[in-house]
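Accompanying notes for the structure given below.
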Amino acid sequence: MPSKQRKIAMMGYRSVGKSSLIIQFVEGQFVDSYDPTIENTFTKFIRLNSTEYEVKLVDTAGQDEYSIFPLQYSMDFHGYVLVYSITSSKSFQIVQIIYDKLLDMVGKIHVPIVLVGNKTDLHLERKISTEEGKRLAEKWKAAFVETSAKRNESVTDMFHAILLEIERSDGHIPDK
Ligand code: GDP
Ligand code: MG
């Protein structure tokens, strides 16, 4: 059987760990300073529930409250990973803004999304509780995972979660 191709966008405020999560997943290492402006696509083959996937992960440079949602991001993707840092309330606000824009652009009620609270290793600096993250994900009917790219905690789970969310929606790119 040929592998299923899945294209996933990593979105979120700057410095939340989007690139670090991808690099940890694809290369198995934690890079302390990765150029924040690079927009790169990473490919990884993974097997999940006896299905082979070719996963293309598009690392975005990040969004803020003023970003206009890029039209190309509303069309081309099977699913979206929306990342905030548990140490940053601002980044938690920004994922909600991104979500609203995303739904406006895609024009569908259900889009496969995983909400990710990263940097759990920095628990002394935590600003957003696990409960708050969970509640937001429930509101969106999205999956929720807390991760540490640094310690490689739940990073694989998070990428599995988005593939499963896409599977639930049959792997169709939502119609316009
Ligand atoms: P991006 O702008 O969202 O792509 O964020 P980066 O992946 O470039 O990470 C921004 C900064 O946060 C870098 O200094 C990373 O080393 C750091 N970082 C990323 N993930 C984690 C994490 O899980 N724990 C800690 N302590 N630092 C992290
Ligand atoms: Mg980055």
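Taking each residue of region 142-168 that is on the phi > 0 side of the Ramachandran plot and at pLDDT 95 or above and looking for partners that are in a helix (DSSP H, G or I) and surrounded by 22 or more Cβ atoms within 10 Å (Cβ to Cβ) with beta-carbon atoms closer than 7 Å, six or more apart or interchain, yields Asn152/Gln24. Here Phe144 fulfils each of the conditions (1) assigned to a helix (DSSP H, G or I); (2) more than 19 Å from Arg14 (Cβ to Cβ) apart from (1).
Residues in region 47-69 that are away from ligand 1 (no atom under 16 Å from the Cβ), at pLDDT below 95 and surrounded by 17 or more Cβ atoms within 10 Å (Cβ to Cβ): Phe69 alone.
Filtering region 1-14 to residues that are near ligand 1 (Cβ under 10 Å from one of its atoms) and not small (Gly, Ala, Ser) leaves Met10, Met11, Tyr13, Arg14.
Here Asp76 meets each of (1) without any contact (Cβ under 8 Å) to a residue 12 or more places away in the chain; (2) farther than 25 Å from Glu138 by Cβ with one exception, condition (1).
Might you let me know whether region 38-45 holds any residue that is within 25 Å of Leu164 (Cβ to Cβ), within 13 Å of ligand 1 (Cβ to nearest atom) and crowded, with 22+ Cβ neighbours inside 10 Å? Within region 38-45, not a single residue is within 25 Å of Leu164 (Cβ to Cβ), within 13 Å of ligand 1 (Cβ to nearest atom) and crowded, with 22+ Cβ neighbours inside 10 Å. Taking the criterion of being assigned to a loop (DSSP other than H, G, I, E, B), polar (S, T, N, Q) and either touching a helix residue (DSSP H, G or I) at 6+ places or on another chain (Cβ under 6 Å) or more than 13 Å from ligand 2 (Cβ to nearest atom) (or both), the residues of region 19-60 that qualify are Gln29, Asn49, Ser50.
Does Tyr84 satisfy the criteria of being under 14 Å from the mean Cα position of the chain (by Cα) and either surrounded by fewer than 19 Cβ atoms within 10 Å (Cβ to Cβ) or over 20 Å from Leu163 (Cβ atoms) (or both)? Yes. Any residue at all in region 123-132 that is of a type in the set (A, V, I, L, M, F, W, C) and within 14 Å of the chain's Cα centre (by Cα)? Within region 123-132, none of the residues are of a type in the set (A, V, I, L, M, F, W, C) and within 14 Å of the chain's Cα centre (by Cα). Scanning region 15-36 for residues that are modelled with pLDDT of 95 or more and within 6 Å of ligand 1 (Cβ to nearest atom) gives Ser15, Val16, Gly17, Lys18, Ser19, Ser20. Among the numbered conditions (1) crowded, with 19+ Cβ neighbours inside 10 Å; (2) assigned to a helix (DSSP H, G or I), the only one that Gln72 does not meet is (1).
The values are calculated or read from the model by the stated rules, or taken from the named source; none is laboratory data. Please read all numbers here as calculations on a predicted model, not as lab measurements. FYI the Cβ positions are ideal-geometry reconstructions off the backbone, even for glycines, and counts take in every protein chain you see.
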